[in-house]
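The values are calculated or read from the model by the stated rules, or taken from the named source; none is laboratory data. Note that this is a predicted model, so its numbers are computed, not measured. Cβ placement follows ideal geometry from the backbone for every residue including glycine, while neighbour counts extend to all protein chains displayed. What goes into the accessible areas is simple: the full protein's heavy atoms, side chains included, and nothing from ligands, DNA or RNA. Shrake-Rupley method; radii C 1.70, N 1.55, O 1.52, S 1.80 Å.
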Amino acid sequence: MMLDLPAYLRRIGFSGAADTDLATLRQIAQRHPQSIAFENLDAFSGQAVSLVAQDVERKLVVEGRGGWCFEQNLLLGNALRALGFTVVDLAARVIWNRPPDALTARTHRLLLVEVEGRQWLMDAGFGGQTLTGVLELDDDAPQSTPHEAFRLRRLGAERLLESLIRGEWLPLYRFDLQPQFAVDFEAANYQLAHDPASHFTHAVTVSRIAVDGRLVLRGHPQHGVELGFHSLHGESQRRELRETAEILQILREVFDLPVDGLPPLRERFDHLLALSPRR
């Protein structure tokens, strides 16, 4: 698959020489989520989400949009392969807000990258807790990133990814090392984008990494729409959003998303706000 690698590197603000080394991997892991927002605006507004590589590249690189894990890590994996890295796609069971042994479907895409004789986990698409660094697969001690610390614990044949949030280790997802192929992600991607029971069809999550924290916009019919900033120093600031025009302005100016070309979005936010309780 052909990828305009120079355009991708410009999109994420990569600086310096891009080599097949750990320094390059670390810089990409940090710059990608700082530049390309996580968002489910297509599924939220009733649009299909394509996993054709050229469609994903056009959406995230050329048009300046964001995407969710299937898109983000497809683009990231193709860019790393174009640079010469050995990359394996993996699938994970999301257990955020669930017990570590909860049986959930494999609905998350992540990457395993080999460099300098070791294997590293990369993931540019886990919403409000997206990795901004790389994690050594076989190291079960806490590992630092430019943002929170993470750790990988063994659970039998699986690894459990945990994040240190407000002094507590919280589970994000667990996965094994079975390689996945493009076809393996199609069903989960379709289900999450079209199933009325899917969180992504009736609620919205948009997140972007800042140098000093995380910006997250969340909207849900039962809770309204809220913009949050979670500082690396532990403080969080939240603001309720009550008007669609303000939400769209924040998507444009805070998350740098070109939402004016998404006509159904205004109607969807109007509907969500109409269902939301006023606090």
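Condition check for LEU75 on (1) closer than 18 Å to PHE181 by Cβ; (2) of a type in the set (A, V, I, L, M); (3) open to solvent by less than 10 Å² (accessible area, probe 1.4 Å); (4) more than 15 Å from the chain's Cα centre (by Cα): one failure, at (4). For region 4-36, the candidate set comprises residues that are β-branched (Val, Ile, Thr) and crowded, with 17+ Cβ neighbours inside 10 Å; within that set, the residue that is farthest from VAL56 (Cα to Cα) is THR24.
Residue-by-condition table, conditions (1) assigned to a loop (DSSP other than H, G, I, E, B); (2) at pLDDT 95 or above; (3) over 17 Å from the mean Cα position of the chain (by Cα):
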| site | (1), (2), (3) |
| --- | --- |
| MET2 | yes, no, yes |
| ARG10 | no, yes, yes |
| PHE14 | yes, yes, yes |
| ARG26 | no, yes, no |
| GLN34 | no, yes, no |
| ALA43 | no, yes, no |
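Answer yes if at least one residue in region 203-219 is under 23 Å from VAL254 (Cα atoms), open to solvent by 20 Å² or more (accessible area, probe 1.4 Å) and either in a helix (DSSP H, G or I) or among the hydroxyl-bearing types (Ser, Thr, Tyr) (or both), and no otherwise. So far as region 203-219 goes, no, none of its residues is under 23 Å from VAL254 (Cα atoms), open to solvent by 20 Å² or more (accessible area, probe 1.4 Å) and either in a helix (DSSP H, G or I) or among the hydroxyl-bearing types (Ser, Thr, Tyr) (or both). All conditions but one from (1) under 25 Å from ARG11 (Cβ atoms); (2) part of a helix (DSSP H, G or I); (3) open to solvent by less than 30 Å² (accessible area, probe 1.4 Å) apply to PHE200; the one that does not is (3). Residues that are part of a loop (DSSP other than H, G, I, E, B), at positive phi and open to solvent by 60 Å² or more (accessible area, probe 1.4 Å) do occur in region 160-182.
Right, ASN97: open to solvent by 10 Å² or more (accessible area, probe 1.4 Å) and either more than 17 Å from VAL183 (Cα to Cα) or not in a strand (DSSP E or B) (or both) or not? Considered against the rule, which asks whether it is open to solvent by 10 Å² or more (accessible area, probe 1.4 Å) and either more than 17 Å from VAL183 (Cα to Cα) or not in a strand (DSSP E or B) (or both), ASN97 comes out as yes.
Restricting attention to region 113-135, the residues that are in a strand (DSSP E or B) and over 28 Å from LEU215 (Cβ atoms) add up to 4.
Output yes when any residue across region 49-72 is of a type in the set (S, T, N, Q), more than 24 Å from VAL259 (Cα to Cα), within 15 Å of the chain's Cα centre (by Cα) and at pLDDT 95 or above, and no when none is. If you could, list the steps in order and put the result at the bottom.
Of the residues in region 49-72, the ones of a type in the set (S, T, N, Q) are 50, 54, 72.
Narrowing further to those that are more than 24 Å from VAL259 (Cα to Cα): none.
No; the residues of region 49-72 include none that is of a type in the set (S, T, N, Q), more than 24 Å from VAL259 (Cα to Cα), within 15 Å of the chain's Cα centre (by Cα) and at pLDDT 95 or above.
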